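The values are calculated or read from the model by the stated rules, or taken from the named source; none is laboratory data. Keep in mind the model is a prediction, meaning the values are calculated, not measured. Reconstructed Cβ throughout: ideal geometry from the backbone, glycine too, with neighbour counts over all protein chains shown. Quick note on the areas: whole protein, heavy atoms, side chains included, nothing else; ligands and nucleic acids left out. Shrake-Rupley method; radii C 1.70, N 1.55, O 1.52, S 1.80 Å.
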Amino acid sequence: MEELFGNLFALAYLAAFLFSGEIYARTLFKRESRLVRSTMGMALAVFALQWLPALFSFVLGFKLLSQILALAVFVLPALILLPQAKNCVLEKEDKRTFLLHQLCVIPLMLLCAYLLYTHTLKVEDGCYLTGQSTFGDMCMHLSFITSIARNGIFPPAYSIEAGVKMGYPFLCDSVSSTFKVLGASLSVAYILPMLPALYCVFSGFFLLMHRWLKSDKRATLAYVLFFLGGGLGLMYFLDGAKADVSVFTRIFSAFYETPTNYVEESIYWVNPICDLLIPQRATLFGWAILLPTLYMLYRFAFEGETKYTYVLGIFGGGLPLIHTHSFLALIVISAGTLIYVLITETPRWKSFLPYVAIAALCALPQLFVFTFGQASGSGFLHRKFNWINTSDPYLWFYIKNIGLTFVLLPFALLNCKRERVFWLTSLPIWLICEFIVFQPNNYDNNKLMFITHMMTCGLVSSFLCEMWYKLSDLHGRAIVAGCIVFIGTVSGVLTIGRELVSEYTLFDEEAIAAATYAEENLPKDAVLLTADEHNNPFAALAGCTIVQGSPSYLYYHGVYDSVRAQDVIAMYTEEGALEELAEQYGITHVVLSPYEYSLGAKKELFSDLPVIYSNREITIYSLK
């Protein structure tokens with residue numbers, strides 16, 4: 001019953017932010033249509049949900065008081081503006097634009113809601129289940145969410161690398177910590193803020209394309225090509241199925257063998273829903289702010305709407321601690337739009353000054369305090385040509401990975417002269433990523449490259465629609481158009497199908513029980529010695545700090561300590577090592593489970609320590 005009330009309180013908290021965001025949008029975006037205002041209102045709420053609790057928590061700690069003060073600061077001014085907002089005349093879209101928007105956004109919202117339900121700690125036979133795309137990253141995000149809510153320390157430190165300050169953009173996780181502090185269950189706290197963020201992404205993309213391409217049909221096609229798109233990876237499965245049909249059916253059963261993610265054949269260009277928005281929270285919340293920001297930037301640079309420069313500055317300046325890649329993309333596109341404004345000799349270039357000043361004022365403290373320190377570590381900012389390609393010819397690598405949009409891009413550039421100007425502002429992102437990698441994992445450059453890909457889908461859709469009209473006398477053009485869309489989306493659709501049926505056990509009964517005990521009984525400052533499995537129940541479910549977590553997380557964040565990893569093994573396998581190193585790492589408890597035994601742990605080394613918890617698989621010893 002207590003958890004039910006906590007979930008309802010969290011839902012009411014979110015509703016208050018969304019309601020207030022709508023009020024602010026009605027007053028700030030008076031010249032925009034109903035759909036734009038609703039999306040901007042949602043983006044304002046998502047932005048405030050991340051930043052306002054954080055601002056209070058920097059001073060007061062991450063506690064209930066900080067969440068209530070954040071609510072008051074956002075809601076009370078909105079209530080004052082409510083009479084003015086009620087009198088605001090809402091400009092409506094034409095019926096077809098509204099219908100196409102709904103046909104685009106609602107199905108993908110329902111799809112993502114279902115994926116989040118099945119992938120986020122779904123309970124079955126006493127175990128927590130997840131899906132293919134979230135099996136890896138979810139536990140990292142859970143550990144950040146639960147540790148922030150449990151410890152109340154802000155800015156947070158890594159709970160999976162005891163004593164190390166976090167430079168990773170943590171607001172995408174602290175936003176769920178807010179709902180955990182309010183009493184919501186972990187799965188509800190995880191999912192709840194992702195839903196409005198997903199709406200901002202889907203609706204924001206459609207509205208940006210609609211504004212840029214001046215056509216609801218072109219915006220719809222761009223939406224389909226981007227969110228359902230995929231390359232030519234299916235050909236490898238069809239070729240193999242000639243000899244063995246199970247090669248094709250493995251798409252729906254094997255772990256990461258899909259037409260958009262098939263490493264064996266150098267297929268890396270993933271589906272954005274399955275491999276970016278659902279598992280990677282920083283990307284989701286970054287795009288939720290970036291896309292509305294790009295809409296405002298387009299209105300300013302290409303249509304002369306200068307009233308949004310202050311909102312632009314706040315949104316842009318708040319991105320570094322939400323998603324650094326989105327912030328970098330915005331810098332590049334903003335520079336491109338400024339060059340366009342200067343070239344066209346329009347006097348509104350001066351309106352860039354408040355945008356740049358506010359964004360810099362907000363962003364620079366984040367960059368110097370958090371981002372630059374972590375990004376200066378080993379592996380960040382190094383040279384690498386042609387992204388992640390190691391074996392294929394340059395053009396063929398991108399043709400088979402990206403597929404239709406990459407092949408048609410040259411034709412679109414030649415034919416869509418008006419639209420290509422805005423597309424060109426994103427081109428430097430891709431060019432930079434072809435030579436420079438911004439993090440230890442080369443693959444992660446796709447978080448930048450996908451921004452150019454968004455724009456490419458818009459440009460190509462404009463070209464395809466133009467060809468549709470020019471070939472009006474061609475018999476069978478509908479069949480040709482259907483084939484083009486099929487080729488552009490079949491790999492992505494099959495990948496989504498795989499995600500819908502994927503199911504993996506993340507935590508079994510014993511792990512959940514041990515984590516529950518730790519959450520309820522161990523002190524908040526406890527530090528546990530455990531193995532480095534990625535699905536560590538004490539870090540992910542209980543929010544406890546552990547000596548060292550999975551290198552698959554820590555290495556790519558630039559904070560992995562190989563000496564510490566050796567020390568962990570030594571403390572489990574060498575007599576006297578625990579006594580020698582426990583104080584150095586602040587260890588208060590030791591865990592023994594099958595994961596620790598796989599490291600070679602010797603149970604007899606801990607026989608003198610008191611056992612405070614034990615079940616069939618897991619034992620917790622106390623050092624104090």
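Need pairs with beta-carbon distance below 8 Å; first residue of a type in the set (Ser, Thr, Tyr) and within the stretch 602-614, second at pLDDT 95 or above; sequence gap 6+ or separate chains.
Going by the 8 Å Cβ cut-off, the qualifying pairs are TYR613/ALA514; TYR613/TYR517; TYR613/ALA518; TYR613/ASN521; TYR613/THR619; TYR613/ILE620; SER614/ILE620.
How do the pairs read when you match residues in the stretch 553-569 that are within 18 Å of VAL437 (Cβ to Cβ) with residues anywhere that are among the polar types (S, T, N, Q) and open to solvent by less than 60 Å² (accessible area, probe 1.4 Å), using Cβ under 6 Å and keeping only pairs 6 or more apart or on different chains?
Final answer for the pair search is TYR556/ASN441; GLY558/GLN374.
Please determine, by comparing only the residues of the stretch 254-274 that are assigned to a helix (DSSP H, G or I) and modelled with pLDDT of 95 or more, which one is surrounded by the most Cβ atoms within 10 Å (Cβ to Cβ).
Looking at residues that are assigned to a helix (DSSP H, G or I) and modelled with pLDDT of 95 or more, I get CYS274.
Inspect all residues belonging to the stretch 168-180 and state whether any of them is open to solvent by 10 Å² or more (accessible area, probe 1.4 Å), modelled with pLDDT of 95 or more and in contact with an Asp or Glu (Cβ under 8 Å, 6 or more places away or on another chain).
No.
Just checking, how many residues over the stretch 373-403 are part of a helix (DSSP H, G or I) and surrounded by 14 or more Cβ atoms within 10 Å (Cβ to Cβ)?
Residues that pass the stated criteria total 8.
Which members of the stretch 404-426 meet the condition of being in contact with a Leu (Cβ under 6 Å, 6 or more places away or on another chain) and open to solvent by 30 Å² or more (accessible area, probe 1.4 Å)?
Of everything in the stretch 404-426, just one residue is in contact with a Leu (Cβ under 6 Å, 6 or more places away or on another chain) and open to solvent by 30 Å² or more (accessible area, probe 1.4 Å), namely ARG420.
Quick check on the stretch 503-517. Is at least one of its residues open to solvent by 20 Å² or more (accessible area, probe 1.4 Å), over 23 Å from SER187 (Cβ atoms) and out of contact with any Asp or Glu (no Cβ under 6 Å at 6 or more places or on another chain)?
Looking for residues that are open to solvent by 20 Å² or more (accessible area, probe 1.4 Å), over 23 Å from SER187 (Cβ atoms) and out of contact with any Asp or Glu (no Cβ under 6 Å at 6 or more places or on another chain), one finds none in the stretch 503-517, hence no.
From the set of residues in the stretch 414-440 that are out of contact with any Gly (no Cβ under 8 Å at 6 or more places or on another chain) and outside any helix (DSSP H, G or I), which is nearest to LEU290 (Cα to Cα)?
PHE438
If I filter the stretch 233-253 down to residues being among the β-branched types (Val, Ile, Thr) and surrounded by 17 or more Cβ atoms within 10 Å (Cβ to Cβ), which single residue comes out as modelled with the highest pLDDT?
ILE251
Determine whether the stretch 320-330 contains at least one residue that is closer than 24 Å to PHE372 by Cβ and among the β-branched types (Val, Ile, Thr).
Within the stretch 320-330, one or more residues are closer than 24 Å to PHE372 by Cβ and among the β-branched types (Val, Ile, Thr).
Of the residues in the stretch 576-624, how many are exposed (fewer than 13 other Cβ atoms within 10 Å of the Cβ) and of a type in the set (Gly, Ala, Ser)?
Summing the residues that are exposed (fewer than 13 other Cβ atoms within 10 Å of the Cβ) and of a type in the set (Gly, Ala, Ser) in the stretch 576-624 gives 4.
Within the stretch 546-572, which residues are within 18 Å of LEU592 (Cβ to Cβ), of a type in the set (Val, Ile, Thr) and open to solvent by less than 30 Å² (accessible area, probe 1.4 Å)?
Across the stretch 546-572, the qualifying residues are ILE546, VAL547, VAL568.
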